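Report on one structure; see the data block that follows.
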Amino acid sequence: MGGCFPCTRAPKTDDKDRIPPTSDKSKPKSSLDLKKQSSLKEKQQISSSGSGRIAAQTFTFRELAFVTRNFRADCLLGEGGFGRVYKGRLESSNQIVAIKQLDRNGLQGNREFLVEVLMLSLLHHPNLVNLIGYCADGDQRLLVYEYMPLGSLEDHLHDPSPDKKRLDWSTRMKIAAGAAKGLEYLHDKASPPVIYRDLKCSNILLDEEYNPKLSDFGLAKLGPVGDNTHVSTRVMGTYGYCAPEYAMTGQLTLKSDVYSFGVVLLELITGRRAIDISRSQGEHNLVAWARPLFRDRRKFSQMADPMLQGQYPSRGLYQALAVAAMCLQEQPSMRPLIADVVTALSYLASQTHNPRNQSNQNIFHLEAPGSPQARLDTETRPSSGSERERSWGSK
């Protein structure tokens with residue numbers, strides 16, 4: 001549940017990413033008046049967007065303070081750069097919910113709050129977290145989500161408590177396939193397409209059956225439409241997950257999300273963090289560590305998470321690594337469409353591990369031993385509706 005920060009030291013900002021200042025200069029206003037005006041303006045923006053299709057409820061701060069027992073410590077679920085998340089039960093519906101209270105001095109500001117409310121109110125999919133409502137009282141900003149009982153993928157993969165079982169291979173592929181389906185909905189089904197921009201393990205939440213849901217849409221952006229190949233924006237995200245071309249130029253494409261997904265998939269396979277300074281020199285950055293290993297098939301088994309204790313299908317490991325290698329191509333045009341990734345991972349998630357049966361057809365292979373470049377050969381191609389080819393060159 002960690003927060004987000006600029007991927008570069010000196011991010012550029014543009015006017016589109018800023019909340020316009022109020023234009024009423026007739027008389028000076030008190031701080032309280034300005035807070036009330038800002039709160040009212042946000043509510044009007046939320047209500048007027050989407051042609052009246054906003055389904056999220058509005059809550060008062062008093063209501064949410066009551067259901068969290070005044071934000072007591074024993075209701076705390078997690079904490080990050082954005083603020084804290086509490087568990088509560090709504091009086092009206094008796095539903096258990098997760099309530100994110102944004103830090104008024106934190107990294108997630110008014111714009112990110114508004115974007116998240118709008119995005120999750122208008123986008124609905126089994127692999128996206130469900131937004132129930134929000135609160136914009138004075139300077140208080142809170143978001144109310146469906147409660148995800150198993151917490152985040154990071155909790156299970158990197159910070160497991162003693163009572164949590166380690167993720168087995170089948171569960172990891174199930175999580176990867178579900179997260180990819182969430183991205184596919186944003187890229188191929190939403191109109192205009194949506195670039196998630198902050199895919200990472202802490203933003204993938206799990207229900208009681210380990211079904212994944214993408215959460216935290218404060219950095220999401222509407223993708224390019226028409227003849228546009230990218231959208232230009234300030235560089236935001238989490239270090240270790242940002243696509244290299246986006247970090248360098250600020251030009252954001254759907255393939256930027258595919259790169260971030262490749263990092264998450266590599267974390268699922270290896271059990272390593274995207275960035276881990278506790279490891280030896282040369283192994284701090286997961287992608288940099290993995291690139292030379294992609295070139296030698298004999299070293300693939302060294303990349304499997306030791307916590308799996310060898311309980312994985314060798315062919316499945318090779319195939320999953322091939323998908324990760326494709327997603328992590330430095331050239332965006334070489335990365336696959338997310339629909340192809342869904343096809344590949346859905347196949348892997350459907351396979352049961354039987355050590356005595358390794359005769360499954362190899363549907364992926366690395367194209368050249370000396371290069372991480374990979375080619376996707378699927379037995380079943382996606383339907384034409386998801387095969388939207390785009391040109392990803394610079395303007």
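Name the single residue, out of those in region 122-139 being of a type in the set (Gly, Ala, Ser) and not in a strand (DSSP E or B), that is surrounded by the fewest Cβ atoms within 10 Å (Cβ to Cβ).
Across region 122-139, the extreme among qualifying residues is GLY138.
Identify, from the list SER260, SER232, the residue that is at pLDDT 85 or above, in contact with a strand residue (DSSP E or B) (Cβ under 9 Å, 6 or more places away or on another chain) and among the polar types (S, T, N, Q).
From the options SER260, SER232, the qualifying one is SER260.
Looking at (1) basic (Lys, Arg); (2) in a helix (DSSP H, G or I); (3) on the phi > 0 side of the Ramachandran plot, which is the only condition ARG197 fails?
All conditions are met except number (2).
Which ones in region 91-121 are assigned to a loop (DSSP other than H, G, I, E, B) and either of a type in the set (Phe, Trp, Tyr) or at pLDDT 85 or above (or both)?
Result: GLU91, SER93, ASN94, GLN95.
Tell me, yes or no, whether region 80-89 has at least one residue that is touching a helix residue (DSSP H, G or I) at 6+ places or on another chain (Cβ under 6 Å) and either under 25 Å from GLY237 (Cα atoms) or aliphatic (A, V, I, L, M) (or both).
There is at least one residue in region 80-89 that is touching a helix residue (DSSP H, G or I) at 6+ places or on another chain (Cβ under 6 Å) and either under 25 Å from GLY237 (Cα atoms) or aliphatic (A, V, I, L, M) (or both).
Name the single residue that is surrounded by the fewest Cβ atoms within 10 Å (Cβ to Cβ) among those in region 76-90 being of a type in the set (Lys, Arg) and either within 13 Å of LEU143 (Cα to Cα) or modelled with pLDDT under 80 (or both).
Top of the filtered list is LYS87.
Could you tell me whether region 55-68 includes any residue that is more than 24 Å from LEU150 (Cα to Cα) and either modelled with pLDDT under 70 or among the aliphatic types (A, V, I, L, M) (or both)?
Yes: one or more hits.
How many of the residues in region 303-337 are assigned to a helix (DSSP H, G or I) and not polar (S, T, N, Q)?
18
Is it the case that some residue within region 278-285 is modelled with pLDDT of 95 or more and under 20 Å from ILE175 (Cβ atoms)?
Among the residues of region 278-285, not one is modelled with pLDDT of 95 or more and under 20 Å from ILE175 (Cβ atoms), which makes the answer no.
Restricting attention to region 293-333, report how many residues are buried (at least 16 other Cβ atoms within 10 Å of the Cβ) and either of a type in the set (A, V, I, L, M, F, W, C) or within 28 Å of SER256 (Cβ to Cβ) (or both).
Residues that pass the stated criteria total 22.
Find all pairs meeting these conditions: Cβ atoms under 6 angstrom apart; at least six residues apart or on different chains; first residue within region 241-265 and under 10 Å from ALA324 (Cα atoms); second residue among the basic types (Lys, Arg).
VAL258/ARG335
May I ask you to list pairs of residues, at least six apart or on different chains, whose Cβ atoms are under 9 Å apart, with the first in region 140-164 being in a helix (DSSP H, G or I) and the second being of a type in the set (Phe, Trp, Tyr) and crowded, with 16+ Cβ neighbours inside 10 Å?
HIS156/TYR210
Among the residues of region 143-171, which ones are crowded, with 18+ Cβ neighbours inside 10 Å and more than 15 Å from TYR210 (Cα to Cα)?
Answer for region 143-171, where residues must be crowded, with 18+ Cβ neighbours inside 10 Å and more than 15 Å from TYR210 (Cα to Cα): LEU143, VAL144, TYR145.
Return the residues of region 135-183 that are under 24 Å from VAL342 (Cα atoms) and among the small types (Gly, Ala, Ser); say none if nothing qualifies.
Result: GLY151, SER152, SER170, ALA176, ALA177, GLY178, ALA179, ALA180, GLY182.
The values are calculated or read from the model by the stated rules, or taken from the named source; none is laboratory data. Remember, it's a predicted structure, so these values are computed and weren't measured experimentally. A quick note on method: Cβ atoms are made from the backbone with ideal geometry, for glycine too, and the neighbour counts reach across all protein chains shown.
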